[in-house]
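J.: Submitted below is the structure of interest, expressed as structure tokens.
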Amino acid sequence: MIAAGLDPISQFEIHKLIELKIGKFDLSFTNSSLMMVVAVVCICAWLVLSSKRALIPGRAQSIAELSYEFVANMIRSSAGTDGLRFFPFVFSLFIFILFANLLGMIPFFFTTTSHIIVTFTLAMLVIGLVVLYGVWKNGFGFLKLFWPSGVPIILKVVLIVPIEIISFISRPISLSVRLWANMFAGHVLLKLFAGFAISMVTALGFFPGALGAIVPYAMTLALTPLEFLVAFVQAYVFALLTCVYLSDALHPGH
Amino acid sequence: MLNAIMLTGLRLAAAAPKGDHGGEHAGDKAFPPFDPTYFPSQIFWLLVSFFALYFILGQVLLPRIGETIEERNNRIADDLDSASRMQREAEDAEKTYERALADAKAKARNHAETTRQSIDAELAKELEIADTQALKQAEAADIRIRKIRTEAMANIDNIAAEAAQATVETLIGKKITLAAVKKVMG
């Protein structure tokens with residue numbers, strides 16, 4: 001019974017909450033979908049409650065405005081001022097991933113970003129936006145992305161263009177795997193150490209078991225703040241790379 | 001050390017479910033994060049919730065925050081502007097005040113100077129008048145003194161003659177006339 005709870009992988013299992021089938025697709029509302037909706041509701045509630053439009057902001061309003069400025073500055077520094085047209089998209093992406101990661105830190109909550117398909121869909125949204133906007137704005141000029149200036153032509157054809165194409169194709173993979181792997185590994189590790197502390201006590205009894213549980217318990221304690229940091233950093237990295245890629249769509253000739 | 005703990009933990013954790021519910025759903029369980037059974041559901045709900053969030057944030061909440069920040073920045077810029085304008089005005093006022101003060105001082109100095117000069121002139125005139133008057137009076141007094149002296153000198157002759165007459169009369173017992181005495185005296 002306890003041992004089933006100790007399986008570090010079972011926390012990633014998906015359960016149907018509401019059955020829903022459209023055609024041959026199973027679109028059931030699952031615990032994963034629930035956490036996505038919870039994240040959206042939390043974000044909206046937070047921003048509604050904290051944007052009071054006061055001239056002198058209170059604490060909650062300051063946090064909302066700081067987040068706003070934080071994302072705006074991130075876009076400005078990596079994609080330029082014209083990148084601000086993507087501000088709502090980047091902000092939504094950043095705050096959605098951040099909330100999904102942070103909500104996953106609550107015990108017994110499902111972490112939506114620990115599933116590769118979720119992070120991959122988000123990454124494909126970004127790359128899709130980059131390609132569509134890049135082609136719409138620059139036409140064939142978007143291909144300059146693979147044709148950097150200031151390099152000898154032989155070198156370009158033989159070396160640079162294949163490298164650029166491979167790096168462009170690997171972008172959605174690296175973007176999604178980075179976020180997924182961080183969240184997945186972090187949660188496995190947390191569960192492992194916490195579970196180890198518990199199984200020490202159940203296997204060896206309270207007296208020697210509690211002594212043996214000190215080390216894994218301390219590890220859990222140390223890993224928890226680290227995981228909060230990772231939750232923030234990964235959301236930040238995802239948003240920052242989104243800005244960098246969007247900058248390519250805005251200014252394809254490096 | 002750390003590795004050993006992790007390995008033991010992994011073995012413990014991996015061993016646990018097998019021992020507990022071995023045959024129930026053995027083998028057919030895919031690795032959950034890669035299990036394609038729920039891929040359509042996850043993609044669908046992710047797109048629904050993400051675009052709902054994108055729409056709400058982009059249309060309502062972010063413009064609200066952005067406007068608040070914009071308003072505040074405008075207000076601060078305005079306040080700074082009016083502050084610098086007021087300072088400039090204050091400096092101008094101070095300059096005008098100093099100029100007026102300097103003017104007033106110069107005027108006062110001029111006024112004092114002219115007043116002093118006119119008083120000096122008046123004083124000099126009055127002194128002159130007083131001097132001439134004094135001189136006139138002194139001259140008149142001189143004339144009177146001279147007149148009195150001549151009169152007195154004339155009287156002295158008569159007195160001397162009378163004294164001589166009286167002396168002669170006492171000495172010789174004979175009365176002589178004043179005219180004779182005067183003749184003798186010359």
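J.: Please state which of the following conditions residue B:29 fails to meet, knowing it meets all the rest: (1) modelled with pLDDT under 90; (2) among the basic types (Lys, Arg); (3) over 30 Å from residue A:198 (Cα atoms).
T.: Single failed check for residue B:29: (3).
J.: To continue, here is another question. Could you please find all residues in segment A:148-192 being in contact (Cβ under 8 Å) with a residue 24 or more places away in the chain and either away from every other protein chain (no Cβ under 14 Å) or under 18 Å from residue A:126 (Cα atoms) (or both)?
T.: Correct list: A:148, A:149, A:171, A:172, A:173, A:175, A:176, A:177, A:178, A:179, A:180.
J.: Further question on the same structure: Tell me which helices (runs of 4 or more DSSP H) are completely within segment A:1-119 and hold 1 or more residues being under 28 Å from residue A:178 (Cα atoms), within 8 Å of chain B (Cβ to nearest Cβ) and acidic (Asp, Glu), or say none if there are none.
T.: So the answer is A:59-79.
J.: Can you tell which of B:103, B:81, B:92 is closer than 30 Å to residue A:53 by Cβ and among the acidic types (Asp, Glu)?
T.: Just a single option satisfies the conditions, and that option is B:81.
This table checks each residue for (1) hydroxyl-bearing (Ser, Thr, Tyr); (2) out of contact with any helix residue (DSSP H, G or I) (no Cβ under 6 Å at 6 or more places or on another chain).
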| position | (1), (2) |
| --- | --- |
| A:15 | no, no |
| A:19 | no, yes |
| A:25 | no, no |
| A:28 | yes, no |
| A:34 | no, yes |
| A:44 | no, no |
| A:51 | yes, no |
| A:67 | yes, yes |
| A:76 | no, yes |
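J.: Which pairs have Cβ atoms under 7 Å, sit 6 or more apart or on different chains, and link a residue in segment B:33-52 that is over 16 Å from residue A:176 (Cα atoms) to one that is modelled with pLDDT under 90 and of a type in the set (Phe, Trp, Tyr)?
T.: From segment B:33-52, the pairs are B:40/A:25.
J.: Looking at (1) closer than 21 Å to residue A:234 by Cα; (2) touching a Phe, Trp or Tyr at 6+ places or on another chain (Cβ under 8 Å), which one does residue A:216 not meet, given that it meets all the others?
T.: (1)
J.: Something else about it: With respect to residue B:40, is the statement that it is of a type outside the set (Phe, Trp, Tyr), surrounded by 18 or more Cβ atoms within 10 Å (Cβ to Cβ), part of a helix (DSSP H, G or I) and modelled with pLDDT of 80 or more true?
T.: Considered against the rule, which asks whether it is of a type outside the set (Phe, Trp, Tyr), surrounded by 18 or more Cβ atoms within 10 Å (Cβ to Cβ), part of a helix (DSSP H, G or I) and modelled with pLDDT of 80 or more, residue B:40 comes out as yes.
Matching residues to (1) within 30 Å of residue A:95 (Cα to Cα); (2) surrounded by fewer than 12 Cβ atoms within 10 Å (Cβ to Cβ); (3) of a type in the set (Gly, Ala, Ser):
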{"residue": "A:150", "(1), (2), (3)": "no, yes, yes"}
{"residue": "A:160", "(1), (2), (3)": "no, no, no"}
{"residue": "A:172", "(1), (2), (3)": "yes, no, no"}
{"residue": "A:175", "(1), (2), (3)": "yes, no, no"}
{"residue": "A:213", "(1), (2), (3)": "no, no, yes"}
{"residue": "A:227", "(1), (2), (3)": "yes, no, no"}
{"residue": "A:252", "(1), (2), (3)": "yes, no, no"}
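J.: If you go through segment A:33-63, how many residues are small (Gly, Ala, Ser) and within 22 Å of residue A:237 (Cβ to Cβ)?
T.: So the answer is 1.
J.: Return a yes/no flag: does segment B:158-176 have any residue that is surrounded by fewer than 10 Cβ atoms within 10 Å (Cβ to Cβ), assigned to a helix (DSSP H, G or I) and either hydrophobic (A, V, I, L, M, F, W, C) or touching a strand residue (DSSP E or B) at 6+ places or on another chain (Cβ under 6 Å) (or both).
T.: Yes, because at least one residue in segment B:158-176 is surrounded by fewer than 10 Cβ atoms within 10 Å (Cβ to Cβ), assigned to a helix (DSSP H, G or I) and either hydrophobic (A, V, I, L, M, F, W, C) or touching a strand residue (DSSP E or B) at 6+ places or on another chain (Cβ under 6 Å) (or both).
The values are calculated or read from the model by the stated rules, or taken from the named source; none is laboratory data. Computed from a prediction, not measured in an experiment: that's the story for all the values here. A quick note on method: Cβ atoms are made from the backbone with ideal geometry, for glycine too, and the neighbour counts reach across all protein chains shown.
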